[in-house]
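Accompanying notes for the structure given below.
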Amino acid sequence: MTDNPQHDYDPGDVAVIGMSLRAPGARTKEQFWDNLVHGRESISFLAKDDIHVDETLIHNPFYVRACGVLDTYDKFDPSVFGISDRMAAAMTPENRLFLESAWESLEDGGYDPDRLRAEIGMYGANNPQTAALYGSPPDRVSVGPEAIEASLAWSPDTMTSNALYYMGLTGEAVTVAAVCAGFHYAVHLACQSLLLGQTDMAIAGGAMVRLPHPRGHLWEENRVLSKDGHCRPFDANGTGTALSSGVVTVLLKPLNHAVADRDHIYAVVKGSAVNNNGVSAMAYGLAQPERLSACIASAMEVGGVAPETVSMYEANGLGLPMTDELEVHAASMAFGKQIATTSIGGVKGNVGHGGVVSGGFGAIKAALALYHRKLPATINLTEVNPDLDFPGTPFVPQLEGADWEPEAGIRRAGITSIGGGGYNAHLLLEEAPTAAGRAPEVEGRPRLATLSALDDDALARQRARLRDWLEANPELRLDDVCFSLNLGRRVMPRRWAAVVRSRAELIAALSEDVARGSATTTAAAPRTDADAFSRTDHGIVPSGRDERALSELAAAWVTGRQVDFDALHVGETSHRVPLPTYPFQPRRFWRQDW
C-alpha cells in the first residue's frame, strides 16, 4: 500500500481495480461481456423434470418454466480456504459463492491476501430467505457447541465476516439487507468507508441463489414477472422479467492510491447515492418518480458531474411498461432538458432479474462498456413503447451495439437499481484515467514468472489458462505479467517457475508438458544451497538479475523456500494487470437435513 499517494485526482473518486462475476450463461466477466456484445439471452426454458417444485404448481396454466440458471450454484472448492467438507455442506450457497467471488476479485486486482498489511472492508448483500430454504436453522439446544460453528456458516448475517476470516484478512464486515438494491448499497457503503479512511481497500458485492434451483414463476397480470419468460426492457409488448441467480463482487480503492500503487483500473466510481420512498410511495414497493429522481441527481451532484456528460444510462429496466415508464420519467427529471443524447439500456433482457445482485449485473456491464469503449445492444427490444416518449427525454434506446463516442469527450455511465420496499440506488461510473506514459519494456531482460496451486492438476490448468490468456492479449507486457504473478497470488504447495526473456518464451514454457529448459517445477526441481542466498525479513533474494541467478532463485522457490518478491521487483515501474484467477475445483455440497 502507498503511504504518500498522488493528489492529482478528485479525492472523492474510487477506482474499481478488480471484478468477479458469475451469471446465467457466464462463468466469468469475460464470458458475460462476450454474451452482451453478441446479444445472447441467457434465460433457460426448462423441462418439467428439471424443476424441483410442487407438481400442482408446475401444471398451473400460468406457470412459466423459465429462469436464469447458475450452473455452479451447488458447488464449491473448500480446500483453497482450509474449510472442511462438513462445514462446506453446512454453508449456504450464497456464503460459498460470495467467498470464491471475493477471492477472484482480489486476485483480479493483483493482490495476495497473505501479503496484505491493510484493512480490507467487506460489504455484501444476500437473500435472507436462502438460508431458511437451504435447511433448518441449527438447533443449539440439542446439537450443542457444534451448532454455533454451523450457524455461522448458515446465517446470512455472517457472509462478509466469513469471507474476511477464510481469506485471512481483517477489516470491516457488513452484510447488507436492501432487497434488490443490495449490490448498490454495498458499493455505496464501501465507498464511504474508503473515503473516510476507515479501510484501505474494499470488496463489495452480492450473491443470490433462488431455491429450489432451477425453478420458474407464476405469471400475474401487471406484476413484474414475465408472461413468457422473456424480459423486454422498454418494449411495448413487455410483460416483466424472469428470475435469475448470480454473484458479483468488485475490488475498490481510492483512485489516487490506485494510481500511485500502479493498479489496473477498470472504471472509477464518481458518485453514489441511496434513498427510500418511505410514505411518499404511490404504493408500497412501487417506484416513486420524485424520490428516484432525487437519488439519481444526488449521485451526480456528489460526483460533481453535469448530466449532459453522462452518455450511458443502465436502467433497472424490469420490462414491464408501467415500471419502465416510472423509471424513465424519474431519470428524465434528474437529467433535465439537454441537447446531448444518452444511451439507455437494460441488462435484464440478457440475464433476467438477479435480486440483490441485479444491480451488479448492470454495474459490470457499464464498467466493461467503459473499459472496452463499446455500448452493447439492449436485446428483446423490437417495438419501443411509445408511452415512454423517448424523443422528449435525453435518452435514446440502444437498439444495436456501437462504439462509444461521447459528445462530451469523456465516457460516464449511470446505473440505477430499485428494490421492493422503496429502496432506490444509483451509481455513477467514469472511464479510467489515461495511464501515465512510461518507457518501453527492456527487451531481452530475463524475468522470473511463477505459478502455484494446491495440486499438480490445478497447476496444469493454471498454466493452460495463462498461456491462452497471453495468446489472446498480445498487448500485455512481460514485466507486468511477472510482477502481477509474483506479488498478486497466494503461494501454494505445488509450484512452477520459469526464467524467460520474452512473452513468446513464457508461452512456450507454459505449453511444455514436462518442465525443461527455462522452467522448473516442484516435482522436478534441482537442489539448491539455501545458504548461498542473501536474505531479508521476508525471504531469500537473488544474487543478481541475470538468468543464472534467477534460475537458482526459481529452483529454491519451487522446493519450498520463501522468496522476497518485493525486493525482486524493487525499482521497477511494472503495473498490475488482470490475469486468470485460481482454477477452483468445485465439488457438489448440498445439505439435505440437519
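For a test of the definition: using alpha carbon positions, the gyration tensor, and the 1.5 limit on a/c, classify region 86-239 as rounded, prolate or oblate. Because a/c hits 1.5 or more and a/b fails to exceed b/c, region 86-239 counts as oblate. With a Förster radius of 45 Å applied to the C-beta separation of Ala236 and Ala118, the computed FRET efficiency comes to 0.30.
Comparing Trp154, Asn424, Ala334 along the charge dipole axis of the chain, the residue lying farthest to the positive side is Trp154, per the Cβ-charge model.
Computed packing ranks the peptides 388-397, 534-543 as 388-397, 534-543, most packed first, by mean other Cβ atoms within 10 Å. Tally Lys/Arg at +1 and Asp/Glu at -1 over every other residue whose Cβ is under 12 Å from the Cβ of Ala242; what's the total? Charge balance in the 12 Å sphere: +4.
Counting only residues at least eight positions apart within a chain, or on another chain, the lysines with an alpha carbon under 17 Å from that of Lys270 are Lys253, Lys365.
Counting only protein heavy atoms and a probe of 1.4 Å, the accessible surface of the chain is 50% carbon and sulfur.
Per residue, the chain reaches -9000 deg cm²/dmol at 222 nm when only DSSP H runs of four or more residues are counted, each adding -39500 (n - 2.57).
Placing unit charges on the Cβ atoms of the charged side chains and taking the dipole of the chain about its Cα centre, the candidate lying farthest along the positive direction among Leu36, Thr520, Gln198 is Thr520.
Taking the Cα centre of region 496-585 as reference, the dipole from Cβ charges on Lys and Arg (+1) and Asp and Glu (-1) amounts to some 140 debye. For Gln31 and Ala340, the FRET efficiency from 1/(1 + (r/R0)^6), where r spans their Cβ atoms and R0 equals 41 Å, is about 0.80.
Dipole magnitude of the chain about its Cα centre, charges +1 at Lys/Arg Cβ and -1 at Asp/Glu Cβ only, in debye to the nearest 20? Provide the component values of the computation, followed by the final result.
On the way: 52 positive and 74 negative charges, 165 e Å.
Rounded to the nearest 20 debye, it is 800 debye.
Each of the peptides 352-358, 221-227, 289-295 was scored by the mean count of other Cβ atoms within 10 Å over its residues; in descending order, highest first, they stand as 352-358, 289-295, 221-227. For the chain, the longest principal axis of the Cα atoms and the long axis of helix 547-558 meet at an angle of about 70 degrees.
Dividing the convex hull volume of the alpha carbon atoms of region 332-433 by its residue count gives 119 Å³ per residue. Taking Cα atoms only, the orientation of helix 182-195 departs from the longest principal axis of the chain by about 50 degrees. With R₀ fixed at 41 Å, the C-beta to C-beta distance from Arg438 to Gln585 puts the FRET efficiency at about 0.60.
Sequence gap at least 6, Cα distance under 8 Å: using those rules, report the relative contact order of the chain to the nearest whole percent. In percent, rounded to a whole number, it is 19.
Annotation: Thr341 carries an accessible surface of approximately 70 Å², with a 1.4 Å probe and no ligand, DNA or RNA atoms counted.
Placing +1 on each Lys and Arg Cβ and -1 on each Asp and Glu Cβ, with no other charges, gives region 1-72 a dipole about its Cα centre of roughly 340 debye.
For the peptides 451-459, 315-323, the ranking by mean Cβ contacts within 10 Å, running from highest to lowest, is 315-323, 451-459. Sequentially through region 577-589, phi angles give Karplus couplings (6.51, -1.76, 1.60; θ = phi - 60°) of 9, x, 9, x, 8, 4, x, 3, 10, x, 10, 7, 10 Hz, Gly and Pro residues having no value and appearing as x.
Using the 1.4 Å probe convention, the accessible area of the chain works out to 40 Å² per residue with neighbouring protein chains retained.
The values are calculated or read from the model by the stated rules, or taken from the named source; none is laboratory data. Because the structure is a prediction, the values reported are computed rather than measured. No Cβ is skipped: glycine too gets one built from the backbone with ideal geometry, and neighbour counts run over all protein chains shown. These area figures cover heavy atoms from the full protein model, side chains too; ligands, DNA and RNA do not enter into them. Shrake-Rupley method; radii C 1.70, N 1.55, O 1.52, S 1.80 Å.
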